[in-house]
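Peer 1: Right, I'll just put the structure down here and ask away after.
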Amino acid sequence: ERVQEKIDYVFKVVVIGDSAVGKTQLLSRFTKNEFCFDSKSTIGVEFQTRSVTINGKVIKAQIWDTAGQERYRAVTSAYYRGALGAMLVYDITKRPTFDHVARWVEELRAHADNSIVIMLIGNKADLEDQRAVPTEDAVEFAEEQCLFFSEASALSGDNVDKAFFRLLEEINGVV
Ligand code: GDP
Ligand code: MG
């Protein structure tokens, strides 16, 4: 049975970060509660949606995924246009993906709206034994740059909904 719902707001959210950090799987976990083990690198799909209720308002999150354009400066400004939120993802087991976060923040500051809400996500938290980025490093960076921060795992689902909800709640408070 499908219930027709009234949508109060559509929030565009972009997911960015280096290749293979788990952007597509985080999106899949949040919108479909699925994790795909043999996922190929992203092809074609522009965005996925999930509607949630926050403070009595039905919010349709329209979450955009990069189509394998993660190389520096390859994401076009059209991707960022109208985005109210960004999930900036790194992989806790790959130090360079965290070292590149500053570049992604620069990209956002250059191309996205000034008021964009940014959530830094340290993904693959299930791989604690392979950790290469201490949580404190990310906490410190997030504080400096005024970003929200959470570690999460698209694989286990840990903190995925929580992080997306936090971002959407924050956007809801801004609009
Ligand atoms: P993207 O290039 O950033 O979109 O990355 P993908 O979502 O395609 O994921 C890249 C690889 O990391 C795939 O092999 C995924 O199965 C794996 N992966 C994604 N998220 C997680 C996670 O939370 N934990 C683990 N262990 N692997 C993950
Ligand atoms: Mg992808």
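The values are calculated or read from the model by the stated rules, or taken from the named source; none is laboratory data. None of these values were measured; they are calculated from a predicted model. Ideal geometry is used to build each Cβ from the backbone, glycine not excepted, and the neighbour counts take in all protein chains shown. Heavy atoms of the whole protein, side chains included, go into the accessibility calculation; ligands, DNA and RNA do not. Shrake-Rupley method; radii C 1.70, N 1.55, O 1.52, S 1.80 Å.
Peer 1: Please report the carbon-and-sulfur percent of the accessible area for region 124-175; probe 1.4 Å, protein heavy atoms only, DNA, RNA and ligands left out.
Peer 2: Using a 1.4 Å probe with all protein chains present, region 124-175 comes out at 48 percent carbon and sulfur.
Peer 1: Follow-up question, since we're still on this one. Taking the solvent-accessible surface of protein heavy atoms with a 1.4 Å probe, what is the per residue accessible area of the chain in Å²?
Peer 2: 53
Peer 1: Still on this structure, please answer the following. Output wanted: per-residue J couplings in Hz (rounded whole) for region 51-65, from phi through Karplus 6.51 cos²θ - 1.76 cosθ + 1.60, θ = phi - 60°, x for Gly and Pro.
Peer 2: 9, 9, 10, 10, 6, x, 9, 8, 10, 9, 7, 10, 10, 8, 10
Peer 1: Another question, if that's okay. Please return the longest stretch of the chain lacking exposed loop sites, where GluC sites (Glu not before Pro) count only if DSSP places them in a loop and at most 14 other Cβ atoms lie within 10 Å. Let's see the in-between values first.
Peer 2: Details: sites that count: E1, E5, E34, E46.
It works out to 47-175.
Peer 1: List the residues, sorted by chain then number, that are 5 or more residues from E151 or on another chain and whose placed amide H is less than 5 Å from its amide H.
Peer 2: Under 5 Å from the amide H of E151: G122.
Peer 1: Take the Cα atoms of the chain, find their three principal axes, and give me the spread along each one in whole Å, biggest first.
Peer 2: Cα extents, longest axis first: 45, 35, 30 Å.
Peer 1: Could you give the distance between the Cα centres of region 135-153 and region 109-125, to the whole Å?
Peer 2: 11
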